[in-house]
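One structure is given below, encoded as structure tokens.
The values are calculated or read from the model by the stated rules, or taken from the named source; none is laboratory data. None of these values were measured; they are calculated from a predicted model. Ideal geometry is used to build each Cβ from the backbone, glycine not excepted, and the neighbour counts take in all protein chains shown.
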């Protein structure tokens, strides 16, 4: 089962092998970003059902979400090598869905949401 610890560990490992500066700031982002897709769990408290667009393993686990968040976060951290930062932030976020896809829980991961919710 994928946990916040395993998701963070993948981000940490990606940072260690990346050409990104080995700063604490980037290390922290690389450990936190892979956890972000699981914020969809908050939707359960507001009546969002599991299979909905905003349900667990829905839009927040998609490639589009990973690209969008990586782009915005990459700009926010203000590093000089934006494309490298964007690419590794994207990989870190996308790794969440990949790890979840390796488990047998739930309805699967909607990598192509919102274009294809399956």
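Results, tabulated for the structure shown:
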{"item": "Single residue of the stretch 54-67 satisfying the filter (at pLDDT below 80 and buried (at least 16 other Cβ atoms within 10 Å of the Cβ)) that is farthest from residue 103 (Cα to Cα)", "result": "55"}
{"item": "Elements of type helices (runs of 4 or more DSSP H) contained in the stretch 1-77, each with 1 or more residues being closer than 17 Å to residue 108 by Cβ", "result": "63-77"}
{"item": "Selection from the stretch 53-90 of residues that are closer than 17 Å to residue 31 by Cα and touching a residue at least 60 places away in the same chain (Cβ under 8 Å)", "result": "84, 85, 88, 89"}
{"item": "Hits in the stretch 16-52 (condition: surrounded by 14 or more Cβ atoms within 10 Å (Cβ to Cβ), farther than 14 Å from residue 70 by Cα and touching a residue at least 24 places away in the same chain (Cβ under 8 Å))", "result": "18, 20, 21, 38"}
{"item": "Subset of the stretch 93-114 (residues that are assigned to a loop (DSSP other than H, G, I, E, B) and surrounded by 18 or more Cβ atoms within 10 Å (Cβ to Cβ))", "result": "109, 110, 111, 113"}
